[in-house]
Amino acid sequence: MNSHLTRKISLFLFLLSSIICSQKKPITIDDILGGRTMWGSGSYNNLQWFDSGNKFSFVRSNKETGSSDICEYDIATGNESVIVSDNDLKINKDDKPFRISNYKWSPDDNLILFTGKLPARSLKTGGAFYLYDIKNKKFSLLVGSEKEQSNVQFSPDSKMIGFVRENNLFVLDIRTLTEKQLTFDGSINIINGQFDWVYEEEFSIISGWEWSPDS
């Protein structure tokens, strides 16, 4: 079964079991299929499952600072904990905390990639992108936004990041910060690594490239 579908089903069953245990009124089929809100405001923003399937991360707003933290929810224990606080997301000590728009975990769960949302009519994430090293607690800017980057993805071995710039494919070595351009024929008529706007707008088909399993 598709892993994303499995995780969605697991989350649904988890939430459903929590609801059943926490309320006295039995839940009917009409409640489930009729769209009735059964758990109020208990939703999770930007939820992402870990590969183990035993926990997931989500973004929780920090009311004191107006910024956000990345938190972890353990399915077995029901405990929540902060993985990355907004104060961790500063390049310089006096900087304002970074506002989280989009994030994704590296395959080895040791790094978090932060990207922005590209301008109007675009569903693609991109712009400048940043990296947070969990072990070393280091937040850094990898690629600035002087030129538009999109479809940013970790390699399976977590050592590189691939992305599209000006309709060409690039790879960035995370350790050395060395960029390597893979295609050179990108133009207004030749698009590498992404689909034209009609696919994105009408069918939500965004990324036109994938890593090979061996990176």
Taking into account only those residues within the stretch 114-145 that are among the charged types (D, E, K, R) and part of a strand (DSSP E or B), which is modelled with the highest pLDDT?
-> Asp133
Read through the list (1) within 28 Å of Asn87 (Cα to Cα); (2) not in a loop (DSSP other than H, G, I, E, B), then give the number of the only condition that Arg175 fails.
-> (2)
Filtering the stretch 88-118 down to residues that are out of contact with any strand residue (DSSP E or B) (no Cβ under 9 Å at 6 or more places or on another chain) and either among the polar types (S, T, N, Q) or under 19 Å from Ser150 (Cβ atoms) (or both) yields Asn92
Considering only the stretch 192-215, state which residues are surrounded by fewer than 15 Cβ atoms within 10 Å (Cβ to Cβ) and farther than 21 Å from Ser155 by Cβ.
-> Asp196, Trp197, Val198, Tyr199, Glu201, Glu202, Phe203, Ser204, Ile205
If a residue has to be part of a strand (DSSP E or B) and either of a type in the set (Ser, Thr, Tyr) or closer than 16 Å to Pro107 by Cβ (or both) to count, how many in the stretch 146-171 make the cut?
-> 8
Leu111 modelled with pLDDT of 95 or more and of a type outside the set (Asp, Glu) = yes
Per-region count, the stretch 55-90, residues surrounded by 12 or more Cβ atoms within 10 Å (Cβ to Cβ) and in a loop (DSSP other than H, G, I, E, B) | 7
Those residues of the stretch 202-215 which are out of contact with any Leu (no Cβ under 8 Å at 6 or more places or on another chain) and either under 20 Å from Glu148 (Cβ atoms) or outside any loop (DSSP other than H, G, I, E, B) (or both), in sequence order = Glu202, Phe203, Ile205, Ser207, Gly208
Inspect the stretch 44-66 for any residue being of a type in the set (Ser, Thr, Tyr) and at pLDDT below 75 and give the result as yes or no.
-> yes
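The values are calculated or read from the model by the stated rules, or taken from the named source; none is laboratory data. Quantities reported herein were computed from a predicted structural model and do not represent experimental measurements. Every residue, glycine among them, receives a Cβ derived from its backbone with ideal geometry; neighbour counts consider all protein chains shown.
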